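To keep things clear, I will list the structure first and then write my remarks on it.
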Amino acid sequence: MNKLIAILLLAPTALLVSPAATASEGGARLDTAPIEQTDVVSLQSGARTFANYCLNCHSASLMRWNRLMELGLTEAQIKDNLMFSGDKVGELMSVAMSGKDAQKWFGAVPPDLSIIARARGADWLYSYLRGFYRDPARPSGWNNVVYENVGMPNPLWQLQGERVRVEQAVKGDDARGGAGGHGGPIKAVRYEMATPGSLTPVQYDETVRDLVNFLVYVGEPAATSRKQIGILVLLFLLALWPLVYLLKREFWKDVH
């Protein structure tokens, strides 16, 4: 119970930040995450990416491995392709790294990702995982467009490649100033690919979409069935209403 409370309290700050860093998240434009919770293939792909790239540091301790059988995976497939230890499929998605070691190595314990999608939102995660760029001024060598001065390095850099921030001074069209002030030079910022990754930009976006789709599923595995049940309940109540009304009229017809 204490562990659950701790996870819930940590959820709003659910990305690893060094103690000296301050997160500046204002003004960043978020892209819409094209996720679909009924896309089982996407969820399976996201589970694979999560197991290979996220679960080394981040746990999802409110989720059990055997819940992935709801995505069409067999117990053997979960063991052979997603689990890299001797854990049983009924156990929680936890990491072998202790909190003490994580504090020593990273300066902060990587947060649990069980409800990160509910805390941050799918659009935030989708934009964040696509927003890393190289920054030699940062201790990890990485920075992020969405989460400025983030302490976490890019876990998917081999897939995405290495982007760099390029600033170029341009003359503002507005004679009254703009960002440069009174028509002075302003900075145009863009991000260029310095070293290509193993995936094309389109393929990488699809990989991130699948990962975010899976994290949304982990946050509430029963969401799809809950919504379906809710629709059925509303339809049942709608069909029941005329019968209830007729029954009410029958009961009250002799009351004056």
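Table for the structure above
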item	result
Förster radius 45 Å - calculated FRET efficiency between residue 239 and residue 189 (Cβ-Cβ, nearest 0.05)	0.20
Residue 37-residue 159 FRET efficiency (beta carbon distance; Förster radius 25 Å; 0.05 resolution)	0.60
Neighbourhood charge, 9 Å Cβ-Cβ cut-off, centred on residue 221 and excluding it, Lys, Arg +1 and Asp, Glu -1	-1
Length gained when the stretch residue 30-residue 231 is fully extended (0.36 nm per residue, less Cα-Cα span)	69.3 nm
Signed unit charges on C-beta, dipole axis of the range 208-256, positive-most listed residue 238, 225, 252	252
Separation of the residue 222 and residue 137 label points, Cα + 7 Å toward Cβ, nm	4.8 nm
Residue 77 versus residue 52: modelled label distance in nm, points set 7 Å from Cα along the beta carbon direction	1.6 nm
Highest-first arrangement of 189-199, 240-250, 110-120, 208-218, where packing means the average Cβ count within 10 Å	208-218, 110-120, 189-199, 240-250
Approximate spin-label separation residue 250-residue 167, in nm, with each point projected 7 Å along Cα-to-Cβ	7.8 nm
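Read-outs throughout are calculated quantities, based only on the coordinates presented, and are distinct from any laboratory measurement. In this text the structure is predicted, and so the values were computed from the model without any measurement. Cβ: placed from backbone, ideal geometry, glycine included. Neighbour counts: every protein chain shown.
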